[in-house]
Amino acid sequence: MTSRSVLDLAPVVPVVVVEDAADAVPLARALVAGGLPAIEVTLRTPAALDAIRAIAAEVPDAVVGAGTVISPANVRDSVDAGARFLVSPGWTDTLLDAMKASGVPFLPGVSTTSEVVALLERGVTEMKFFPAEAAGGTAYLKSLAGPLPQARFCPTGGITPASAPSYLALKNVGCVGGSWMLPGDAVAAKDWGRVERLAREAAAVRD
């Protein structure tokens, strides 16, 4: 799988924070059933690597990735757990080298034009735009398309079902990341049917 295919798997990549690794498999199955196969599990909780491991082993139709990757150790641990792509909120040369060496696709995070240019200089054309709403939203991304048409983005951060279509309409946006299909009360109640319904609505957002 190339990094381009990460952007093209589905219009929305769920950004998942797993508190209990036992929730990982039913949650992933609900997202896949709803039409969202690319799942970014953020490394924000102690359960994250176990969640990635479980999804990779038990949900074959899911393409599970690791988010909030901020160090070479995160890269190594995520790939060892079965992550098939990596997403970082930002990047440094050290982190970028580790992600490039990992053998899996990756989306380094950017929020400024200079960061985009620096990545293009390093041969990277696909990036996460974060935090999308706070960093200028659709107007900012639209303004980048003219001088930097070779860059493609997955905007994440503050995106809602209402704003997602305006991002997806931009020619330099491949997909968006979001967590609105995973409301905390639904996950706490293990209401996977509700998660699946919300995932199905998210998967149709480009239609």
Expressed as a rounded percentage, what relative contact order does region 3-203 have, with Cα pairs under 8 Å and six or more residues apart?
-> 23
Any residue on another chain or 5+ positions along whose placed amide H is under 5 Å from the amide H of ALA38 is listed here as VAL63
Label region 1-101 by shape, choosing from rounded, prolate and oblate, from the square roots a ≥ b ≥ c of the eigenvalues of the Cα gyration tensor; if a/c is under 1.5 it is rounded, and otherwise prolate applies when a/b is larger than b/c, oblate when it is not.
-> oblate
In Å, the Kirkwood hydrodynamic radius from C-alpha pairs for region 122-207 sits at 13.8
Sorted by chain and then number, the residues having a modelled amide H within less than 5 Å of the amide H of GLY109, at least 5 places away or on another chain, are SER88, GLY90, TRP91, LYS128
Sort out the exposed loop trypsin sites (Lys or Arg not before Pro) in the chain (DSSP loop, at most 16 other Cβ within 10 Å) and tell me the longest stretch that has none.
-> 45-121
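Where a number appears in this text, it was derived from the coordinates with a stated rule and is not lab data. In this text the structure is predicted, and so the values were computed from the model without any measurement. Note that we place each Cβ from the backbone using ideal geometry, even for glycine, and neighbour counts take in every protein chain shown.
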